[in-house]
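Chemist: Input: one structure, supplied below.
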Amino acid sequence: MRQIAPAVYKLRKTIKNLLQPEAHYLLAVSGGADSLALAHACAALAAQGWGSYSVCHVEHGLRGEEALRDMQAVQRACKDWGLPCFTEHVQAASYAAQNRLSTEDAARRLRYAALRRIAEQQGAAAIVTAHHEGDQAETLLLRLLRGAGLQGLAGMRAQQDDIIRPLLTLPKSLLEEYCSAEGIAVCYDSTNADTAYTRNRVRLELVPYLERSFNHNVVPTLARTAALLAQDAECLEQMADDAYRQLVRRQENAVSLPVTQLTALHSAVRLRVLRRAYFELGGEELSFERSQAIDSLLIRRSGGKFIQLPQGINVVYKNKQLIFVKII
């Protein structure tokens, strides 16, 4: 009887802990070691009666023949492992130019749109990605460098809306060890070595510098920090949810909040309550500066003054109420 390698056992057990045995999941598979290890492990779990799985591979229109090679490799692997495979082609470069986005951001948006489209078609309970401990550390560093609050510094969540990331606590080395133990041929994306991309620069330059100069265990340390911050963020979000439910009053195309009760809240909770009012009316993004401007309007109780927010939403102080109005 073939002995199961420790990496194989640990990976399958970790995935099993987050996935339900009766559900169907869509796996995001690029062809790299991380996502192929995920797909192979899930195929093994399916053979044991733990869940059912299909795969989506998104080709971003950026790497020519190399990308087609990866696509074909994923298709062959899925055929060998008995996993239905769906391929989506997108044009990240043109989308980036049309929407004034970085190529990285455009590729991410198009990728998740494609994944969600296929997930809905397949009736998947969730999309499962192969983000690992190293990805989490990079995410924390990127957000720290750009400027982020607690919610952002908490990094990626293991479960968030329709996305499950079961590998966040595992190092990349374990996923590579899994592929080696199972004889899985992996693809190598040449753009991962291109330091023109910010994430690559963080992974190839900043993280090794931090490991050499400050902490050789910086990757697990940063990932652990993100997990701790996520606990604190969840606590504050729950407090804000409770406060919002108690205070909000709804009218047609508007929500109002009583100023006296709002000002009694801790600022960390109050700012989250204000953002909820904005999001309830269809707001999508609210900068730090605009959040502070709303809070200042509230604290100063500047009657008659209003602030214009994105998505056609205005906020005004009137009759001891802070009122958010959607302009139709």
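The values are calculated or read from the model by the stated rules, or taken from the named source; none is laboratory data. Not measured: the values here are computed from a predicted model. Note that each Cβ is placed from the backbone with ideal geometry, even for glycine, and that neighbours are counted across all protein chains shown.
Chemist: With respect to A44, determine if the residue is at pLDDT 95 or above, out of contact with any strand residue (DSSP E or B) (no Cβ under 8 Å at 6 or more places or on another chain) and of a type in the set (G, A, S).
Modeler: yes
Chemist: For segment 129-152, enumerate the residues that are more than 20 Å from E211 (Cα to Cα) and not charged (D, E, K, R).
Modeler: T129, A130, H131, G147, A148, G149, L150, Q151, G152
Chemist: Among the candidates N215, N192, which residue alone is over 18 Å from the mean Cα position of the chain (by Cα) and more than 30 Å from Q75 (Cα to Cα)?
Modeler: After ruling out the rest, the residue left standing is N215.
Chemist: Being out of contact with any helix residue (DSSP H, G or I) (no Cβ under 9 Å at 6 or more places or on another chain) and in a loop (DSSP other than H, G, I, E, B) is the filter here; which residues of segment 117-147 pass it?
Modeler: G123
Chemist: Kindly state which strands (runs of 3 or more DSSP E) lie completely within segment 228-328 and contain at least 1 residues that are without any contact (Cβ under 8 Å) to a residue 24 or more places away in the chain, surrounded by 16 or more Cβ atoms within 10 Å (Cβ to Cβ) and of a type outside the set (S, T, Y).
Modeler: 306-309, 313-318
Chemist: For segment 1-106, which strands (runs of 3 or more DSSP E) that fit wholly inside it have 3 or more residues that are assigned by TED's automatic domain parsing to the domain that holds I184 and closer than 25 Å to A181 by Cα?
Modeler: Output list reads 24-28, 52-59.
Chemist: Ok, one more. Here are some residues: K79, K16. Which one is charged (D, E, K, R) and either farther than 27 Å from P171 by Cβ or touching a residue at least 60 places away in the same chain (Cβ under 8 Å) (or both)?
Modeler: Criteria check complete, one pass: K79.
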